[in-house]
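Each reported figure results from applying straightforward, stated rules to the coordinates on display, with no laboratory input. These figures come from a predicted structure and were not determined experimentally. So basically every Cβ, Gly included, is an ideal-geometry build from the backbone, and we count neighbours across all protein chains shown.
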Amino acid sequence: MNQYYLQNESSKELQAFPHIAEIGLKKSSVIQLNSLSTTETKNIRIYYIIDGKFEWVIDGHHYVLYPGDLALILPGQNFGGKKRFSGHRYAFMVTSSVG
């Protein structure tokens, strides 16, 4: 499975979609503790888990996500994670543009 990542500001493929800030297929394959620090989101974020296991905290609630799960993070919600596991994990993500 190939990785890809496009940002509206630098990708001509997204210029016709100004409401999409970024879109991508991300692969995680190493152990990294505290690699996703908790921050308040400013945009809508959509993550679809394709493979692996993700442990995230969304708006103060702990979630364990597996293939087929979808996470929707709304503007103003806190989002982050403290654990990453070894092995390959894939997530498809879309971030909106606000305003």
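Below are the figures for this structure:
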{"item": "Neighbour-count ranking [beta-carbon atoms within 10 angstrom, fewest first] of 55, 13, 22", "result": "13, 55, 22"}
{"item": "Residues whose placed amide H lies under 5 Å from that of residue 20, excluding near-sequence neighbours", "result": "97"}
{"item": "Full-stretch length increase - residue 17, residue 42 - with 0.36 nm per residue and alpha-carbon distance subtracted", "result": "7.2 nm"}
{"item": "Candidate aspartates and glutamates for bridging to residue 27, where Cα separation is under 20 Å - those fewer than 8 sequence places away on the same chain excluded", "result": "51, 55, 69"}
